[in-house]
Number of protein chains: 2
Amino acid sequence: MDSLAALQQLVPELEDFLERRYTLLKVIRNLAPVGRRQLATQVGSSERIIRAELDLLRDQGLVVTSSVGVSLSPQGELVLSSLQSMVREFHDLEYLEQTLAQALGVGRMIIVPGDADVDPGGKRDLALATVRFLQDTLRDGDILAVTGGTTLSKVAESFPAPEFTGRVTVVPVRGGLGEDVKIQANSIAARFAEGLGGSYRLLHAPEDVLPCYVEQILSEPRIRDVIALGRRANVLLHGIGTAEEMAKRRGFDEEIIMKLIAEGAVGEAFGCYFDARGNIVYNTTSIGLRLEDLEKIPLVVTVGGGRSKAWAVMSVLSRGYCDVCITDEGVARRLMTLKEIR
Amino acid sequence: MDSLAALQQLVPELEDFLERRYTLLKVIRNLAPVGRRQLATQVGSSERIIRAELDLLRDQGLVVTSSVGVSLSPQGELVLSSLQSMVREFHDLEYLEQTLAQALGVGRMIIVPGDADVDPGGKRDLALATVRFLQDTLRDGDILAVTGGTTLSKVAESFPAPEFTGRVTVVPVRGGLGEDVKIQANSIAARFAEGLGGSYRLLHAPEDVLPCYVEQILSEPRIRDVIALGRRANVLLHGIGTAEEMAKRRGFDEEIIMKLIAEGAVGEAFGCYFDARGNIVYNTTSIGLRLEDLEKIPLVVTVGGGRSKAWAVMSVLSRGYCDVCITDEGVARRLMTLKEIR
DNA sequence: CCCCGTCGGGACAATTTTGATCCCGGAGCA
DNA sequence: TGCTCCGGGATCAAAATTGTCCCGACGGGG
């Protein structure tokens, strides 16, 4: 019997303590410096109880308080990172990873604790996990293809000080979409290249075009070259969108959105809308990588978190081309119930 | 940073919980089946608090209650044994072992949690650790020399069902002393042989004799042979007595006892009384192994626990012939202060 | 320069949890 | 058959936890 399991059985209240303080430390790290009241609303607890916890954490030397609020001490950072594996164990994340990888036919699942829908810090953890995975995976000379979206944008912001000396070429494989420059594949590619210490290309094209113009755009040499480079990528990193959200971002009419949903569309990737089983419900004529291109890419990595994306994740993974899926506990637990496991 | 250390820092109350429940489980194991009130007096806590703990332990499935009292469930046994290493870590026993081994010039220290003076179960743990050590150490054909005393008697009682198939010869190396048959070296040798699955010899001689009779007794062939066999032992296991206790057991006059103590005698072994530095203060003319014989024995193992024996342990270890010392936390912590470490 | 929001810390009553102590019916034992 | 010890229930006082204010201080923005 594992001694940690034994401890858990002998001291069941440990889980509550660990959970509470661990999330508190995480929130403090995300918002530091921060005050009691703000913390209380963040973690959904009363001010007084937060105060008690803070007093204890201060006595333990894990946080420091100043007139502007409370922050993590170096010791606190250390404890937080040391406890990651233990929290994973308490949440049974290894079990979730293996079970879901098998159930969904994905090569590998990486699940981070938390839920991006509930905890604002969740997206950050997801992004950090993705960065870590990329740094462990990418090798000199690799070509990394990236898409757009808020999730990947968050990843792009999460690279630590550039120390990675690899020479990676980052290629955007989606055109421009919407108004926010930060979530464009081009911007993301640039920040990835900066963070990874490599170079990047730009895809000067819109995401959606009328079918009759596709030919014309693709005949543009610069665009064609970049797309061709994307097809030769070693690694593809792409986000997952809910069908509704992506439809809105594309500026679809209410009517069409309703029709999509009525037909069962729940997820979107590369301009295709999928139902829960992974069938294509609707297909836009989009510039960039196509679904069929994915089979030639050796390593396809999918990122997405927040329980509201559970259906979308399931639909996209059901297509079967995904090698690695990085998501969070919120999605994972909902997937377990959707797949009727246990 | 070790994740257990991090956990301890983030959840400091864990130590209290663990300590309380662990000792409670241990006491239950020792006394099962046992009632609340008896438990309360044993662990020095109130009845009500014991009740609360028992309710929780029952919910966790670690104990079972019947009309005759509460006992450990199989699950409880499992948890107890799984948690041993963690308790050792919480008490820093590894650190104590290494530090004291170095400070006292002993090859190896083995320290079990608890204090035999306070916790009645402490002696049992000490005995079990000794048994385990012997089973791990003894090989076919070894000669094991044993002395008498309450501690070794407890060890003798703690052998599990005989499964060890080695052929060990157990030799008593002390004569008869006092009235209690159970603590005689002869009885102990017999039970050791039974527990280890070997044979034993008997030493038919008193412990203390007048000097003029020593020659005569040693001329007896059976006695001489057994003593000679003891001198050739591979392993010697001997207990440690406080000077006062051993003097009383020998039936010394109050006057002589006072004189011994005045001269600084604190420990006794093999008929010699030592002061704190290991100097011989008084020497009885005793039958059996002599102090000078110990140097020829490859492995000398010393056992003794209960903080009242700390001085005795220190004095005996100061002689320098001890290879392995098995003791408990009560002694170890007092030794740390006596040696002025930290 | 001052105002305003938020900060940490102090104070205090309300509430919940905890602790000590009986009591009772029942099971084993002599 | 009486006696002792068992678990479980009940009660009440003490202690802790918790919710809610208030205060002076600091800092950023108007």
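Each copy carries a label point for A:ARG51 at 7 Å from Cα along the beta-carbon vector; from one copy to the others these points are 3.4 nm apart, nearest first.
The mean number of partner chain beta-carbon atoms within 10 angstrom of a residue's beta-carbon across peptide B:82-91 is 3.
Note on segment A:198-342: the C-alpha convex hull projects to 9.7 nm² when averaged across all orientations. Computed from label points 7 Å out along Cα-Cβ, the spacing between A:GLU77 and B:ARG290 is 6.8 nm. Dividing the mean sequence gap of close Cα pairs (under 8 Å, 6+ apart) by how many residues segment B:271-332 holds gives a relative contact order of 38 percent. Largest GNM mean-square fluctuation across B:VAL155, B:VAL34, B:VAL226, computed for chain B with C-alpha springs under 10 Å, falls on B:VAL34. Under the combined filter of DSSP loop state and at most 16 neighbouring Cβ atoms within 10 Å, segment A:280-310 retains these trypsin sites (Lys or Arg not before Pro): A:ARG290. Between copies, the label points at B:THR65 (set 7 angstrom from Cα along Cα-to-Cβ) are spaced 4.1 nm, reported in nanometres from shortest to longest.
Over all other residues within a Cβ to Cβ distance under 15 Å of A:PRO74, the charged ones net out to +1, with Lys and Arg as +1 and Asp and Glu as -1. Based on the reciprocal of the average 1/r between different C-alpha atoms, the Kirkwood radius for segment A:111-175 equals 12.9 Å.
Once C-alpha pairs closer than 8 Å and six or more residues apart are averaged by separation and normalised to the residue number of segment B:180-315, the relative contact order reads 27 percent.
Check each of the GluC sites (Glu not before Pro) in segment B:236-342 and keep only those in coil by DSSP with at most 15 other C-beta atoms within 10 angstrom; list them in order.
Working: sites: B:GLU244, B:GLU245, B:GLU254, B:GLU255, B:GLU263, B:GLU268, B:GLU292, B:GLU295, B:GLU329, B:GLU340; in loops: B:GLU263, B:GLU340.
In loop regions of segment B:236-342 (DSSP not H, G, I, E or B), the sparsely surrounded GluC sites (Glu not before Pro) are B:GLU263, B:GLU340.
Which of rounded, prolate, oblate describes segment A:152-274, given a ≥ b ≥ c as roots of the alpha-carbon gyration tensor eigenvalues and a/c under 1.5 marking rounded, otherwise prolate only if a/b is larger than b/c? Oblate.
How much net charge surrounds A:GLY107 when only the other residues with a Cβ under 12 Å from the Cβ of A:GLY107 are counted, with Lys and Arg +1 and Asp and Glu -1? Don't skip to the end; give the middle numbers.
Numbers: positive: A:ARG108; negative: A:GLU97, A:ASP323.
So the environment of A:GLY107 carries a net charge of -1.
Using a Gaussian network for chain A with springs between C-alpha atoms less than 10 Å apart, which of these wobbles most: A:GLY122, A:GLY107, A:GLY44? Maximum fluctuation in the GNM of chain A, among the listed residues, is at A:GLY44. Take every DSSP beta bridge whose two residues both sit in chain B; close to 40 percent of them are antiparallel. Residue of chain A with the smallest Cβ distance to the axis mapping A onto B, distance rounded to whole Å: A:LEU14, 3.
In degrees from 0 to 90, rounded to the nearest 10, what is the angle of the helix A:329-338 Cα long axis to the longest principal axis of chain A? Around 70 degrees separate the two axes.
The modelled label-to-label distance for the pair A:GLN38/B:SER308, using points 7 Å beyond Cα in the direction of Cβ, is 6.2 nm.
Of all DSSP bridge pairs formed entirely within the protein assembly as shown, close to 40 percent run antiparallel. The helix-based estimate of mean residue ellipticity at 222 nm for chain B, built from -39,500 (n - 2.57) per DSSP H run of four or more residues and divided by its residue count, is -14500 deg cm²/dmol to the nearest 500. With each label point set 7 Å from Cα along the Cα-Cβ vector, what nm distance links B:ASP140 and B:ILE49? Computed distance between label sites B:ASP140 and B:ILE49 equals 5.4 nm.
Loop-located trypsin sites (Lys or Arg not before Pro) in segment A:68-172 (DSSP state not H, G, I, E or B) with no more than 10 neighbouring Cβ atoms inside 10 Å: A:ARG139.
Taking the C-alpha atoms only, the angle from helix B:13-31 to the longest principal axis of chain B is near 60 degrees.
Nearest 0.05, what FRET efficiency do A:SER219 and A:LYS339 give at R0 = 51 Å with Cβ-Cβ as r? Write down the numbers at each step before the final one.
Details: r = 45 Å, r/R0 = 0.88.
Once the sixth-power term is evaluated, E becomes 0.70.
Inter-copy label distances for B:GLN38: 6.0 nm (label point placed 7 Å from Cα along Cα→Cβ; shortest first). Karplus-derived 3J(HN,Hα) values for segment B:197-211, using 6.51 cos²θ - 1.76 cosθ + 1.60 with θ = phi - 60°, are x, x, 10, 9, 10, 10, 10, 8, 8, x, 6, 10, 9, 5, x Hz; glycine and proline are entered as x. Sequence-distant contacts, meaning Cα pairs under 8 Å at least 6 residues apart, place the relative contact order of chain A at 17 percent.
Neighbours of B:LEU294, meaning other residues whose beta-carbon lies under 11 angstrom from its beta-carbon, give a summed charge of 0 when Lys and Arg score +1 and Asp and Glu score -1.
Largest GNM mean-square fluctuation across A:GLN84, A:GLN184, A:GLN75, computed for chain A with C-alpha springs under 10 Å, falls on A:GLN75.
When both segment A:237-307 and segment B:75-144 are represented by their alpha-carbon centers, they are found 62 Å apart. Across segment B:145-162, the residues whose backbone nitrogen lies under 14 Å from the label position 7 Å along the beta-carbon direction of B:ASP180 are B:148-157. Each of B:GLY178, A:ILE188, A:VAL11 was placed along the dipole of the protein assembly as shown (beta-carbon charges, centred on the mean Cα), and the one lying farthest toward the positive end is A:ILE188.
Readers should treat all values here as calculations from the given coordinates under stated rules, not as data from a laboratory. Just so we're clear, the structure is a prediction, and the values are computed from it rather than from any experiment. Here Cβ is always computed from backbone atoms with ideal geometry, including for glycine, and neighbour counts include all displayed protein chains.
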